[in-house]
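Inspection log for the structure reproduced underneath, given as structure tokens.
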Amino acid sequence: MKLLLTVIAVCCVTIVQPLTRQVGGKDVSVRQYPFMAAIAYARQLIGNGAIITPKWILTSASAVYLSPPSEYNIVLGATDFYGHAKWFEVWNIFKHPEFVGWDNNIAMVLIRGHVQYSDTIQPIDIGMLWPETIEVTMLSYGRNEDDTTHLRGATYTLISDNIECVSLLKEYMAKEIIWQQHGFCLIPPPGTQQGQWFNDAGAPIVAHGKLYAVFAFTEHEGGVNEGSVAMRVASYLGFIQSVMFRNISGLINN
């Protein structure tokens, strides 16, 4: 299992403690989830997203926080990030105007060129329901306990109930996202040990063929955790539609 090492100096002795670097779950094929997009910066994996139209990828703002947009690529049709895939240049990136590192952690990526749909490249519809609890699959190319970038699906539960969900979070800013109905708690199955890493950012979270959320952050990056935060996509339909409407010229001209 791939380990990250946290080095703690105590007096004159160095103690090395392992932190598990994992997503959990199992390898899956992009043919099962053809809406998947990998996000690369300077040709290196940095995040994930979901195809929602032939020109637009929905992701988290934390997956596309670096500049300039021209250094990004969108990778489609890949079962492994380093395997056979179609690479697209990015025309522009639109992060939520009120993204401050925690809340409103959502963004839209406009692809340069035209995506041709196939059996490994397809859009996904947004889930319009507001479930209190729903079992979901989180999909990511992020490095896992086997140190690969193979697409993986991990089972979680999304929870919007304030009391049960918020009790699992430690930081006030994380709790506030749930209170404001901007996000869900992302809970691993009972008895399992799962966690997320930075390049899991923007991972689509789906159920019954619908996109309900994108992975935002965990309070314990790189280690096993009891709960993380995912942005509730249905809460941001206004942002999504306004970005697409205001950039119609970009769709025509690139």
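When the stretch 220-246 is filtered for residues that are modelled with pLDDT under 90 and open to solvent by 40 Å² or more (accessible area, probe 1.4 Å), the ones remaining, listed by number, are HIS220, GLU221, VAL224, GLU226.
Tell me which residues, restricted to the stretch 64-83, are among the hydroxyl-bearing types (Ser, Thr, Tyr), modelled with pLDDT under 95, surrounded by 13 or more Cβ atoms within 10 Å (Cβ to Cβ) and under 13 Å from TYR41 (Cβ atoms). The answer is TYR65, and nothing else. Collect the residues in the stretch 118-136 that are in a loop (DSSP other than H, G, I, E, B) and in contact with a strand residue (DSSP E or B) (Cβ under 9 Å, 6 or more places away or on another chain), keeping them in residue-number order. Hits for the stretch 118-136 are THR120, GLN122, PRO123, ILE124, GLY127, MET128, LEU129, TRP130, PRO131, GLU132. Any residue at all in the stretch 89-106 that's open to solvent by less than 40 Å² (accessible area, probe 1.4 Å), touching a Gly at 6+ places or on another chain (Cβ under 9 Å) and of a type in the set (D, E, K, R)? Yes: the stretch 89-106 contains one or more residues that are open to solvent by less than 40 Å² (accessible area, probe 1.4 Å), touching a Gly at 6+ places or on another chain (Cβ under 9 Å) and of a type in the set (D, E, K, R). Reported count of residues in the stretch 147-161, each being within 22 Å of ARG43 (Cβ to Cβ) and either of a type outside the set (Lys, Arg) or open to solvent by 40 Å² or more (accessible area, probe 1.4 Å) (or both), is 5.
Of all residue pairs spaced 6 or more apart or on separate chains, those with beta-carbon atoms under 9 Å, a first member in the stretch 24-40 that is farther than 16 Å from LYS86 by Cβ and open to solvent by less than 20 Å² (accessible area, probe 1.4 Å) and a second member that is modelled with pLDDT under 95 and among the acidic types (Asp, Glu) are GLY24/GLU145. Checking each residue in the stretch 80-109 for being of a type in the set (Phe, Trp, Tyr), more than 23 Å from ARG232 (Cα to Cα) and not in a loop (DSSP other than H, G, I, E, B) picks out TRP87, PHE88, TRP91.
The single condition among (1) assigned to a helix (DSSP H, G or I); (2) modelled with pLDDT of 85 or more; (3) open to solvent by 20 Å² or more (accessible area, probe 1.4 Å) that SER249 does not meet is (2).
When the residues of the stretch 128-146 are filtered to those that are under 16 Å from the mean Cα position of the chain (by Cα) and at pLDDT 85 or above, which remaining residue is surrounded by the fewest Cβ atoms within 10 Å (Cβ to Cβ)? Taking the candidates together, the pick is THR137. Contact map, the stretch 135-147: residues that are farther than 13 Å from GLN32 by Cα paired with residues that are open to solvent by 30 Å² or more (accessible area, probe 1.4 Å) and assigned to a strand (DSSP E or B), Cβ distance under 6 Å, separation 6+ or inter-chain. Pairs shown: GLU135/THR157.
Taking residues in the stretch 162-186 that are touching a residue at least 12 places away in the same chain (Cβ under 8 Å) and open to solvent by 90 Å² or more (accessible area, probe 1.4 Å), and partners anywhere that are among the β-branched types (Val, Ile, Thr) and assigned to a loop (DSSP other than H, G, I, E, B), the pairs with Cβ atoms closer than 9 Å and at least 6 places apart or on different chains are MET173/VAL100.
The values are calculated or read from the model by the stated rules, or taken from the named source; none is laboratory data. All figures in this text were calculated on a predicted structure; none of them were measured in a lab. FYI the Cβ positions are ideal-geometry reconstructions off the backbone, even for glycines, and counts take in every protein chain you see. The area values use the complete protein model at the heavy-atom level, side chains included, leaving out ligands, DNA and RNA. Shrake-Rupley method; radii C 1.70, N 1.55, O 1.52, S 1.80 Å.
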